[in-house]
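Beneath this line is the structure, given in structure tokens, with notes to follow.
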Amino acid sequence: MKAFPLKIVTPDGIRFDGMAEELIVRATTGDMGFLAGHTNCVAPLGMGRATIVVDGERRYGACIGGMVSVMNGNVTLVPTTFEWAQDIDVARAEASKERAQAVLDNKNASETDILLAKAKLRRALVRTAVAKTK
């Protein structure tokens, strides 16, 4: 399969910079796949698993927020946060899930607290699901 340049850049630094054969990410409108020769585009990212194929091997990461762009064959993934499956601290994600659920179970929680807890719960669920794909 033909490869293309892929760069994954977060506010914390570069997570990947090399050649890939395929990229699948969750955009705000659903999953998007990229192969060599993809047309130029820009799309906002949602929360989900990123699948990257390098040298025929699939790698997985938790990809949350940000954007993906394709310009002249170069694909750049700029997520708010990105963690490779093997680097996810499952205990930390589970603890975050429990804290978020406690807020959601609190009948006195404010609307803002509930919205934040829902987002934190979704992130924790994505992280734990991706961690299982190691």
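Some observations on this one:
- Working ranking of peptides 91-98, 104-111 by packing, defined as the average number of other Cβ atoms within 10 Å per residue, highest first, is 91-98, 104-111.
- Along the range 23-40 the Karplus relation, 6.51 cos²θ - 1.76 cosθ + 1.60 evaluated at θ = phi - 60°, assigns HN-Hα couplings of 9, 10, 9, 8, 8, 5, 9, x, 6, 10, x, 10, 10, 4, x, 4, 5, 4 Hz to successive residues, with x for each Gly and Pro.
- Annotation: peptides 57-66, 26-35, ranked by per-residue average of other Cβ atoms within 10 Å with the highest first, follow the order 57-66, 26-35.
- Förster radius 41 Å - calculated FRET efficiency between Ala102 and Thr39 (Cβ-Cβ, nearest 0.05): 0.35
- Angle in degrees between helix 90-105 and the longest Cα principal axis of the chain, rounded to the nearest 10: 50
- Restricting attention to the chain, the count of lysine pairs at 8 or more positions apart or across chains with alpha carbons under 25 Å apart stands at 13.
- Normalised contact order of the chain, rounded percent, pairs of Cα under 8 Å and 6 or more residues apart: 21
- Computed from the C-beta positions of Val54 and Asp31 and an R0 of 22 Å, the FRET efficiency is 0.70 to the nearest 0.05.
- Taking Met47, Met71, Met19 as the candidate residues, the one with maximal mean-square fluctuation in a Gaussian network model of the chain, Cα springs under 10 Å, is Met71.
- In order along the range 7-22, the Karplus-derived 3J(HN,Hα) couplings, from 6.51 cos²θ - 1.76 cosθ + 1.60 at θ = phi - 60°, round to 10, 10, 10, 10, x, 8, x, 7, 9, 7, 8, x, 9, 9, 9, 7 Hz, and Gly and Pro are given as x.
- Relative contact order of the range 1-58: 33 percent, from C-alpha pairs under 8 Å at least 6 residues apart in sequence.
- Against the main long axis of the alpha-carbon atoms of the chain, helix 111-131 sits at an angle near 50°.
- Proximity of backbone amide H atoms, modeled 1.01 Å from N, is registered between Ala27 and Met32, Gly46 at under 5 Å, excluding neighbours fewer than 5 places apart on the same chain.
- Environment charge of Ala100, counting only residues whose C-beta is closer than 13 Å and scoring Lys/Arg +1, Asp/Glu -1: +4
Computed from the coordinates by the stated procedures, all read-outs in this text should not be read as laboratory data. What you are looking at is a predicted structure, and each value in this text was computed from that prediction instead of being measured. Backbone-built Cβ (ideal geometry, glycine too); neighbour counts: all protein chains shown.
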